[in-house]
Amino acid sequence: MVVVMQERASDEQVQKVIAKLVEMGFDVHRSTGALRTVLGAVGGSSRNYDTALIEVLDGVQEVLRITEPYKLASRTFKPDNTVITIGDVRIGGDEVIVMAGPCSAETEEQVETSAAAVKRAGAKVLRGGAFKPRSSPYSFQGLGEEGLRLLKAAADRHNLKLVSEVMDISQLELIERYADILQVGARNMQNFTLLRELGRSKKPIMLKRGISATIEEWLLSAEYILAGGNMNVMLCERGIRTFESYTRNTLDISAIPVVQKLSHLPVLADPSHGTGKRDKVAPMARAAVAAGCDGLLIEVHHDPDHALSDGAQSLFPSQFDRLMAELRIIAPAIGRSICLEPVSKRGWGGSR
């Protein structure tokens, strides 16, 4: 259930309501807005609890039952959009945040050149993998901690945040030392043991949609992280498996407005994995921004024809430059913005 406190409810009244909910067997999550406090009560010793026991408490304005199976991810619990702040980067706000870089770290030159290129074009976050979940055990599996060092060094040099994938609980402590955002890939969307552990993390989590997951299943996976206490969760639509075989996946653009109506969590799109084809990335990125996404995850490589992973879907830096220029035209039409000028025009420096 959701307990909405009165606008002038005191902290003492809020604490008494929390104590009562805990007594009834609920786990309580507090959301404090500009005007009032909202308490999300999850669990409970009985589904037939009497809401009147809470409604009569001092400071309570109303009590609502949450009908969705995902409680903390729903807009009933939190009507306002969640904005995740990482330094000067705000994901879920007015600006569409672009995260770009290579699929995986390969060499120092490759990481540095790619980081410089995406920063110069206006990206705010460097994306790159150090541990790669590949369909074939014989494919490149990533550089591990050395890859994380390369990515973090390049991100720091160019004033970028870093997002990298965590595949297993055993990697969590290591990746937390380097990455600003922890990515959960499509294969791990329903790895509930990992999701529970991420609920205890202090780092923001990017949860990608599973290749055959419904929107409800996706939001329920997010609920595992939220229920653990980590409220900094963003969702990433990266394409689902359908009968179509021309593209790698079918990027579900419609999921963006659907999820934004159901949930307060930021929604991003990954047109690189969503299509698997370089010439389709830009059109789908433009469509995702037009549909209202809060951010984009795009693969960029300085020499994609020789990339060790996902070269066919990685943009050349020049293509990424052109895409960013196009997005700066589209975003204002829907009341959003993207880093307004390339870095080179602001004198922030380029590659080193």
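FYI, it's all coordinate maths here, none of it is from the lab. Remember, it's a predicted structure, so these values are computed and weren't measured experimentally. Glycine gets a Cβ as well: all are built from the backbone with ideal geometry, and neighbour counts include every protein chain shown.
Quick notes
- Note on the chain: with a GNM built from Cα contacts shorter than 10 Å, the maximum mean-square fluctuation among 57, 220, 323 falls on 57.
- Charge-dipole axis of region 84-346 as Lys and Arg at +1 and Asp and Glu at -1 on Cβ define it, positive-most pick from 105, 144, 222: 222
- Inter-part distance where region 189-258 and region 3-32 are each reduced to a Cα centre, Å: 29 Å
- Relative to the longest principal axis of the Cα atoms of the chain, helix 11-23 runs at roughly 90 degrees.
- For 268, 35, 53, the sequence from fewest to most other C-beta atoms within 10 Å is 35, 53, 268.
- With neighbour counts taken as other beta-carbon atoms within 10 Å, the residues 306, 158, 301 rank, fewest first, as 306, 158, 301.
- The packing ranking of peptides 327-335, 292-300, 258-266, 237-245, highest mean first, is 292-300, 258-266, 237-245, 327-335, where packing means the average number of other beta carbon atoms within 10 angstrom of each residue.
- Think of each Lys and Arg Cβ as +1 and each Asp and Glu Cβ as -1; about the Cα centre, that makes the dipole of region 69-130 roughly 440 debye.
- Helix 145-157 axis, angle to the chain major axis (alpha carbon atoms, nearest 10°): 90 degrees
- Positive dipole terminus of the chain, leading residue within 199, 333, 77 (C-beta point charges): 333
- Counting only alpha carbon atoms, the long axis of helix 317-330 and the longest principal axis of the chain meet at about 40°.
- For 112, 12, 62, the sequence from fewest to most other C-beta atoms within 10 Å is 12, 62, 112.
- Inter-label distance for residue 193 and residue 305, nm, one decimal - labels placed 7 Å from Cα along Cα-to-Cβ: 4.4 nm
- For the chain, a crude dipole built from +1 on the beta carbon of Lys and Arg and -1 on the beta carbon of Asp and Glu, taken about the Cα centre, is about 420 debye to the nearest 20.
- Restraint check, 119/161; 78/261; 119/280, Cα-Cα greater than 18 Å: 119/280
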